[in-house]
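Notes to accompany the following structure.
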Amino acid sequence: MASDFKDPFDAIVDAPFDSALSERYLVYALSTITARSLPDVRDGLKPVHRRLLWAMRLLKLDPAQGYKKCARVVGDVIGKYHPHGDQSVYDAMVRLAQDFALRYPLVDGQGNFGNIDGDNAAAYRYTEARLTQVAMDLMDGLDEEAVDYRPTYNGEEQEPELFPGLFPNLLANGAAGIAVGMATNIPPHNAAELLEAAILLVDTPEADDDAILAHVKGPDFPTGGLVVDPPAVIRESYVTGRGGFRVRARWTIEREKGGGWQVVVSEIPYGVQKGKLIEQIAGLINDKKFPILADVRDESDAVVRIVLEPRSRTVDAGVLMDGLFRLSDLETRISLNLNVLDKDRTPRVMSLREALAAWTEHQFVVLRRRTEHRLTKIADRIELLDGYLIAYLNLDRIIEIIRTEDEPKQVMMAEFGLTDRQAEAILNMRLRSLRRLEEFEIRGERDKLDKEQAALTALLADPKKQRARMKRDLAKIRDRYGPETPLGRRRTGIEEAAPTRDIPLEAMIEREPITVILSQRGWIRALRGHADLAASDAAKFKEGDGPAFAFHAQTTDKILLAAENGRFFTLGADRLPGGRGFGEPVRAMIDLDGGIGIVALMPANKVQRLLVVASDGRGFLVPVADVLAETRKGKTVVTPRAGAVLKVVRPVSPAHDYVAAIGDNRRMLVFPLNELIELSRGQGVQLQRYRDASLSDAITFVFAEGLSWPMGGDSGRTRTESDLGLWRAARGAAGRMPPNGFPRDNRFQ
């Protein structure tokens with residue numbers, strides 16, 4: 001016994017970890033790609049869907065039969081064919097039954113299978129299902145050896161490797177899946193259009209993409225809507241197999257008495273849950289992000305009906321819908337990634353033409369296999385008929401042999417030249433069949449089979465006849481799903497439309513006056529209305545805190561914040577915290593460290609250019625449009641040299657023609673504005689030269705009007721120095737002492 005013991009450590013293989021891991025992960029990746037996530041180009045199904053339909057077929061859940069509980073179907077699938085979770089299998093089954101998810105449902109569900117609002121289906125013990133005619137068409141030929149079968153995972157059953165039917169399921173119903181390193185996303189299309197294109201390929205195999213696109217106009221979604229891309233964009237997507245489609249909701253205007261109107265949305269984009277869409281639009285109204293829209297109502301029953309009520313009758317309907325297309329899922333982009341498994345089970349991206357050609361090629365294979373199967377059945381039947389005919393012609397001798405011989409089978413085979421099958425069939429005949437065993441009936445059936453055999457043999461030998469037969473079969477299926485049928489009519493319109501217009505900011509945000517206040521410790525808030533900035537009780541602050549910046553603005557304004565490190569941040573005035581309490585830390589809204597000071601805060605839309613100067617006296621002019629950046633990280637505008645920080649950010653009026661700069665050494669300099677350069681980012685040029693000093697302040701002004709500054713005390717008076725000739729010099733000079741009475745803090749304002 002001891003000699004039979006095997007040490008498990010003897011089986012350990014010494015291998016590099018990276019190679020062992022990569023080999024195992026590759027096996028997993030290939031399994032995910034080929035056996036789970038990507039559909040087969042020939043039937044458009046993944047294994048779970050194929051096994052579901054196969055199990056339902058074996059349960060005889062035909063359209064003419066009754067329903068069975070979904071729990072029964074799921075049990076058979078996971079027990080015999082697909083050893084995965086019951087919920088995942090049921091979810092796949094539910095999707096096959098949803099008429100808003102599948103263009104041509106493959107399962108006919110009875111009970112709660114979910115809805116377009118996003119509600120889930122009932123548990124599988126409550127719901128029932130059977131196959132649809134589409135599924136039957138997809139599986140047509142399974143009994144005629146049209147495809148190969150393989151053992152199931154446990155070897156106890158057989159399952160088809162794919163389905164042979166003439167329904168173009170891959171493109172008609174679409175597919176979506178995420179594998180390892182690749183994905184697929186195929187929108188649904190109109191089956192009649194696909195079959196027309198397939199007939200064209202049967203007639204003209206070398207037909208190009210444009211010939212195919214003359215029949216296939218674009219996607220055809222079960223929920224309708226409009227594809228608004230130009231034809232060139234649609235063509236590019238189909239030719240390359242990659243791209244996307246802009247899909248909009250279908251809407252109309254309903255006029256009311258008195259001149260009022262409302263928009264009614266009757267179809268929404270594919271894949272959008274109606275309940276979440278309503279919540280999304282209601283959120284825009286509640287957050288006052290789209291003030292021209294007053295209300296949204298869901299008046300849907302079996303048909304989608306979403307009512308949008310404008311703020312007033314003067315609102316332009318086009319502007320209203322363009323805004324909603326931009327801000328909500330009333331317009332979405334549905335991608336196209338035609339990544340499928342070809343006939344060799346190799347994943348690759350195909351064009352629309354290539355996918356249709358691969359499917360058509362598969363149908364010819366199916367046609368030949370079904371023909372060969374039928375020829376085999378005919379040959380078997382003819383063999384039996386020939387045996388019956390011999391038995392009829394020699395009935396008395398056959399009866400005598402059966403009555404008298406111990407081994408009648410061998411005697412009959414030897415005497416009449418019968419085969420084993422013929423002799424066995426004669427011996428298995430019932431006595432009641434003898435009276436019906438008439439020669440003319442046997443010969444009549446034999447003649448019919450001979451004619452059918454000759455026709456099928458000619459069909460196999462002649463590609464032209466195969467093409468004619470294929471066109472006839474495709475036309476029959478096309479008529480079943482033609483545009484005149486309720487299921488086959490095109491639901492999605494193809495109407496080119498311009499991209500959504502840029503909606504004015506005032507239309508997106510309700511314009512209201514506010515007072516923006518930033519405290520010394522960085523707490524920001526927006527008071528309603530334009531408060532008196534000079535009033536001591538205009539705003540309250542925490543103990544030890546006080547005002548740093550305060551100004552009037554509108555909720556539609558963009559607020560510009562500049563930090564000492566040269567980064568500029570943009571805040572939406574409508575998103576600032578309200579005036580109750582002390583506000584919120586502004587650093588929680590942007591990525592700015594607590595040790596970096598805030599240099600300026602101002603409305604961005606009230607100025608066109610800014611003067612920016614660092615503490616070392618270097619600066620430049622920058623357009624406001626170049627500093628806006630509505631991200632948390634902001635935008636670097638000034639790059640101060642080592643040891644310097646951004647010191648001054650001042651608005652520049654178009655009338656200003658001079659610059660005044662003063663250092664903490666109380667030296668002031670005045671020079672023409674045109675000596676400064678305009679940049680989008682950088683350090684700029686030297687405004688004023690210092691020795692053991694740095695810049696205190698800088699400002700632009702109108703030279704003819706002079707400079708003004710506030711006088712000390714509570715008088716509120718200002719002093720103006722109109723003659724600035726003594727301080728006028730070239731940019732970069734050291735400057736001289738400022739006029740008498742200039743503030744001791746060396747600040748112009």
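Based on the Cβ-Cβ distance of Arg430 and Ala455, what FRET efficiency does E = 1/(1 + (r/R0)^6) give at R0 = 30 Å, to the nearest 0.05? It comes to 0.35.
With both labels modelled 7 Å from their Cα along Cα-to-Cβ, the Thr314 to Leu384 distance reads 8.7 nm. Is the C-alpha gyration tensor of region 250-329 telling us rounded, prolate or oblate? Criteria: a/c under 1.5 is rounded; beyond that, a/b larger than b/c is prolate, otherwise oblate. Judged from the Cα gyration tensor, region 250-329 comes out oblate (a/c at least 1.5, b/c at or above a/b).
Phi angles of region 308-325 translate, via the Karplus equation with coefficients 6.51, -1.76, 1.60 and θ = phi - 60°, into HN-Hα couplings of 10, 9, x, 5, 8, 6, 7, 5, 6, 4, x, 5, 4, 6, 4, x, 6, 4 Hz per residue; Gly and Pro are given as x. Annotation for Arg580 and Asp18: the two label points, set 7 Å from Cα along the Cα-Cβ direction, are 6.0 nm apart. Computed on the Cα trace of region 637-749, the radius of gyration divided by the Kirkwood hydrodynamic radius gives Rg/Rh = 0.95. Taking trypsin sites (Lys or Arg not before Pro) across region 362-436, the ones in a DSSP loop with at most 11 further Cβ atoms lying within 10 angstrom of their Cβ are Arg430, Arg435, Arg436. Using the Cβ-Cβ distance between Gln158 and Thr252 with R0 = 56 Å, the FRET efficiency computed as 1/(1 + (r/R0)^6) comes to roughly 0.55.
Suppose we keep just the DSSP beta bridges with both residues in the chain; what percent of those would be antiparallel, to 5? Here the share of antiparallel DSSP bridges comes out near 95 percent. Per-residue Cβ neighbour counts within 10 Å put Arg472, Arg609, Arg575 in the sequence Arg472, Arg575, Arg609, beginning with the fewest. Under Stokes-Einstein, with the Kirkwood radius over Cα pairs standing in for Rh, what whole-number D in µm²/s applies to the chain at 10 °C and 1.306 mPa s? The calculation lands on 47 µm²/s. Scanning residues 5 or more positions from Ala179 or on other chains, those with amide H under 5 Å from its amide H are Thr184, with H placed 1.01 Å from N in the peptide plane. Under 1.5 on a/c is rounded, so check that first for region 511-602, then, if it is not, pick prolate when a/b is larger than b/c and oblate when it is not; a ≥ b ≥ c are the square roots of the alpha carbon gyration tensor eigenvalues. Since a/c reaches 1.5 but b/c is at least a/b, the shape of region 511-602 is classed as oblate. Farthest towards the positive end of the charge dipole of region 511-602, among the residues Leu527, Phe549, Ala563, is the Cα of Leu527, using unit charges on the Cβ of Lys, Arg, Asp and Glu. For region 250-329, the dipole from Cβ point charges (+1 on Lys and Arg, -1 on Asp and Glu) about the Cα centre works out to 160 debye, to the nearest 20. Calculate, for Thr346 and Ser88, the FRET efficiency according to 1/(1 + (r/R0)^6) with r their C-beta to C-beta distance and R0 22 Å; round to the nearest 0.05. With a Förster radius of 22 Å, E is 0.25. Towards the positive end of the charge dipole of the chain, with charges on Cβ (+1 Lys, Arg; -1 Asp, Glu), say which of Ile390, Val89, Trp727 has the farthest Cα. The Cα lying farthest towards the positive end belongs to Trp727. Relative to the Cα centre, the charge distribution of region 607-749, modelled as +1 at Lys and Arg Cβ and -1 at Asp and Glu Cβ, gives a dipole magnitude of about 420 debye.
Could you give me D for region 609-677, from Stokes-Einstein at 25 °C and 0.890 mPa s, where the hydrodynamic radius is the Kirkwood radius over C-alpha pairs? Units µm² s⁻¹, please.
185 µm²/s
Residues Met737, Met321 in ascending order of nearby Cβ atoms (within 10 Å, fewest first): Met737, Met321. Packing around the peptides 693-704, 584-595, taken as the average count of other Cβ atoms within 10 Å per residue, puts them in this order, highest first: 693-704, 584-595. Think of each Lys and Arg Cβ as +1 and each Asp and Glu Cβ as -1; about the Cα centre, that makes the dipole of the chain roughly 2740 debye.
Fewest neighbouring Cβ atoms within 10 Å first, the residues Val349, Val73 line up as Val349, Val73.
Checked against a 24 Å cut-off, the cross-linked pairs Lys46/Lys476; Lys60/Lys448; Lys60/Lys80; Lys377/Lys451 give Cα-Cα distances beyond that limit for Lys46/Lys476; Lys60/Lys448. Across region 703-709, coupling constants 3J(HN,Hα) worked out from phi with the 6.51/-1.76/1.60 Karplus curve, θ = phi - 60°, read 4, 5, 8, x, 10, 10, 8 Hz, and Gly and Pro carry x. Semi-axes of the equivalent ellipsoid for region 356-426, computed as √(5λ) from the eigenvalues of its C-alpha gyration tensor and ordered from largest down, come to 41, 10, 7 Å. Residues whose amide H comes within less than 5 Å of that of Gly174, counting only those at least five positions distant or on another chain, are His189 (H built at 1.01 Å from N in the peptide plane). Helical runs (DSSP H, four residues minimum) scored at -39500 (n - 2.57) apiece and divided by the length of the chain put the mean residue ellipticity at 222 nm at -9500 deg cm²/dmol. Couplings 3J(HN,Hα) for region 30-38, derived from phi with the Karplus relation 6.51 cos²θ - 1.76 cosθ + 1.60 (θ = phi - 60°), are 4, 5, 5, 5, 8, 10, 8, 9, 9 Hz, where x marks Gly and Pro.
Taking amide H as placed 1.01 Å from N in the peptide plane, the amide H of Asp657 sits under 5 Å from that of Phe701, Val702, Phe703, each at least 5 places away or on another chain.
None of the figures in this text is laboratory data; all of them are computed from the coordinates on show. Because the structure is predicted, anything quoted here is derived from the model rather than measured. Quick reminder, even Gly has a Cβ in these numbers, built from the backbone with ideal geometry, and neighbours come from all protein chains shown.
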